[in-house]
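Structure, as structure tokens:
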Amino acid sequence: MKIYPTSQKVTIKWFGVSQGERVPANATMRGTWGWDAVCSCGWDSRTGGAIRSSVESDVQMHKIMEHNYSRLPNTFVCSGCSKVNPALAMFPNSLCVECYALTPEANAPITARQLAQMWGGK
Ligand SMILES: [Zn+2]
Ligand SMILES: [Zn+2]
């Protein structure tokens, strides 16, 4: 599973753990290591040396919960109906096409500025 940063990017530092000692992870680590990870915000997985996949899922949960990382690339959540939509289908104010169709703006003649906003301008 790949996750994606939204508002902020963080750096995760990995450590191999052997007999309670943390060693900064590097590519040449062989054998049976336990793992721990530390986030640039100060968060620490504190497993004392768990299997890598378990620490990885802790890290991903941490990124999702504390740093608003997302599992859904190229999507947005409509602010009207809360449905997940493809990012390309986003209308002003984070509305999906159905919700946008109900707004007063949608029923007024569209301006060039609104068009530009809709298609990627800010
Ligand atoms: Zn963090
Ligand atoms: Zn909607």
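Observations, loosely collected:
- Across the chain, the mean sequence separation of Cα contacts (distance under 8 Å, 6 or more residues apart), normalised by length, yields a relative contact order of 19 percent.
- Projecting the Cα atoms of Ser54, Trp43, Met29 onto the charge dipole of segment 12-67 (Cβ charges, centred on the Cα centre) puts Met29 farthest toward the positive pole.
- Label zone at Ala116 (point 7 Å along Cα-to-Cβ), backbone N below 19 Å, segment 91-106: 91-94
- Charge dipole (Cα centre; +1 on Lys/Arg Cβ, -1 on Asp/Glu Cβ; no other charges) of the chain amounts to roughly 260 debye.
- Relative contact order, percent, segment 12-67 [alpha-carbon distance under 8 Å, six or more residues apart]: 29
- Segment 45-90: relative contact order as a whole-number percent, Cα under 8 Å and 6+ apart: 22
- With the simple spin-label model, which puts each label point 7 Å out from Cα in the Cβ direction, the Ile3 to Ala106 separation comes to 3.3 nm.
- The packing ranking of peptides 76-83, 102-109, highest mean first, is 76-83, 102-109, where packing means the average number of other beta carbon atoms within 10 angstrom of each residue.
Taken together, the values in this text are just the output of simple stated rules run on the coordinates, not laboratory data. Remember, it's a predicted structure, so these values are computed and weren't measured experimentally. All Cβ positions, glycine included, derive from the backbone under ideal geometry; neighbour counts span all protein chains shown.
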